[in-house]
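The values are calculated or read from the model by the stated rules, or taken from the named source; none is laboratory data. The structure displayed is predicted, hence computed values, not measured ones. Ideal geometry is used to build each Cβ from the backbone, glycine not excepted, and the neighbour counts take in all protein chains shown. Accessible surface is based on the protein model in full, side chains and every heavy atom, while ligands, DNA and RNA are left aside. Shrake-Rupley method; radii C 1.70, N 1.55, O 1.52, S 1.80 Å.
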Amino acid sequence: MSGKVIAINISEKKGVMKKPIPTGNFIENFGLEGDAHAGKWHRQVSLLGQESIDKMIAMGAAGLCAGNFAENITTEGICVYELPVGTKLRIGETLQEVTQIGKECHAGCEIAQQVGDCVMPREGIFTIILEGGTIKAGDTIEVVE
């Protein structure tokens, strides 16, 4: 099972939409360098599939693009929320481990206010960085057996 990276997204403070960057430097046991959500905890990096974003666009969420759901890595071609906790992923130069599927929704995020729903709490996932390195758009995502 494999997919690819559509975008790397970063925000310097929590509670705001992330902005796409060309390449991300991911640090072992920390996350994306410079990202507000990185740190020594179980949700160092967030991933969300373009397929999930497309669902929200179909529900009427206008103008959505990578990073709008505060995901660090926008993916395509792999159903990230069906990966069991403990799954290891080779993404670009990094090795990551899935630690959580979904999360509690921030009360009244911009997207939920706009369309009455948000996919991130159900379909976003979180990982920790086991081996650091760079990731850029177009890199492959491989499930490591």
At pLDDT 95 or above, open to solvent by 10 Å² or more (accessible area, probe 1.4 Å), more than 15 Å from Ile141 (Cβ to Cβ) and not charged (D, E, K, R), is that true of Phe69?
-> no
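Within the bounds of region 47-54, is there any residue that is open to solvent by 70 Å² or more (accessible area, probe 1.4 Å) and at pLDDT below 90?
Yes.
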Determine whether region 104-114 contains at least one residue that is among the polar types (S, T, N, Q) and either modelled with pLDDT under 95 or assigned to a helix (DSSP H, G or I) (or both).
-> yes
Hits in region 18-46 - residues which are among the hydroxyl-bearing types (Ser, Thr, Tyr) and open to solvent by less than 30 Å² (accessible area, probe 1.4 Å) | Ser46
